[in-house]
Amino acid sequence: MPKNRNTFSFLARWPRRAASRAVHVGWAWAQRAGAVTAEHPGRLRFGAIGAGTRLAFPQGTVFGEPWIELGAHCIIGEQVTLTAGMMPDLDLGTDPILTLGDGVVLGRGSHVIADTTVTIGSDTYCGPYVYITSTNHSYDDPHEPVGKQWPRMEPVAIGPGCWIGTGAVILPGARLGRNVVVAAGAVVRGEVPDHAVVAGAPARVVRSWDPEKGWQPPLRTPAPVPIPEGVTPEQLLALAELDEVRETP
């Protein structure tokens, strides 16, 4: 009797397992087929899209593509919004509005809203849900709903090599220098110098690089040791297992 119950239980579970597998296989196929690259742009016609750049599927809201230029080897995560102009089907002139340099990474769910010029320098990495905008609501008229008042627009420029943490907000007029670190959740406006760390809302400089003194205030942890060239994943795994053996009492 127990054997029969096991047989019936397996037969009852089999359709669900098959359906689950089919869903996962189908979704993996959709992710591959729906990704946007220079070779397979789908419906999107960017002003430029470099070799090796990939927009993961599903994409977020994308419009104004003729005025969006993406460099080479960029990684655009799922549900990332990229817009040029206040709404679709506008003529924005001859110059690009939104420009990403080579090797830019935009994490899942991020938004880049470029009603006027937004430039993100090469090798800048953004965590998930970063919001970068060149437009902000105005509230000059106390009698008019804020959403109906004409917004303010200022260009945004983010230098190369920056790291922008999860949930950070970059406001209109922000100008970030080279290799700037923006802490998670920070709200940035105004100018940030090269090699600075900013945090808070509104963001302020909490650490900066001095050519003579180094980082001020000093870093609390030593710099990580890079992996030597030529080391294989198998060798790294063997080292990790050796460390575990050494730590075992």
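Numbers for the structure displayed
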item: Space enclosed by the convex hull of the alpha-carbon atoms of the stretch 124-249, per residue, Å³; result: 188
item: Gaussian network model of the chain, springs between alpha carbon atoms under 10 Å - residue of Arg189, Arg17, Arg204 with greatest fluctuation; result: Arg17
item: Percent of beta bridges antiparallel (DSSP, the chain, rounded to nearest 5); result: 20
item: Calculated FRET efficiency for the pair Val205/Asp95, C-beta based, R₀ 41 Å, to 0.05; result: 0.80
item: Helix axis angle, 233-247 relative to the chain longest principal axis, alpha carbon, degrees; result: 80
item: Dipole magnitude of the chain about its Cα centre (Cβ charges: Lys, Arg +1; Asp, Glu -1), debye to nearest 20; result: 1420
item: Estimated FRET transfer efficiency when R0 is 35 angstrom, pair Arg45-Arg220 (beta carbons, to 0.05); result: 0.15
item: Extension gain (nm, one decimal) between Glu229 and Glu212, 0.36 nm per residue minus Cα-Cα; result: 3.1 nm
item: The stretch 181-202-the stretch 30-81 distance, computed between alpha-carbon centres (Å); result: 28
item: Helix axis angle, 2-34 relative to the chain longest principal axis, alpha carbon, degrees; result: 30
item: Residue-averaged [θ]222 nm for the chain, counting only DSSP H segments that reach four residues, each worth -39500 (n - 2.57); result: -7000 deg cm²/dmol
item: Kirkwood Rh and Cα Rg combined as Rg/Rh, the chain; result: 1.12
item: Which of Gly42, Gly26, Thr116, positive extreme of dipole for the chain (C-beta unit charges); result: Gly26
item: Of Glu78, Glu212, Glu191, the one that fluctuates the most in a GNM where the chain has Cα springs shorter than 10 Å; result: Glu212
item: Among Thr166, Thr61, Thr119: highest mean-square fluctuation, GNM of the chain, C-alpha pairs under 10 Å; result: Thr61
item: Diffusion coefficient, µm² s⁻¹, Stokes-Einstein with Kirkwood Rh over alpha-carbon pairs of the stretch 47-135 at 10 °C and 1.306 mPa s; result: 126
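No lab work stands behind these numbers, since they all come straight from the coordinates. None of the values given here were measured: they were computed from a predicted structure. Heads up, the Cβs are rebuilt from the backbone with ideal geometry, glycines too, and the neighbour counts pull from every protein chain shown.
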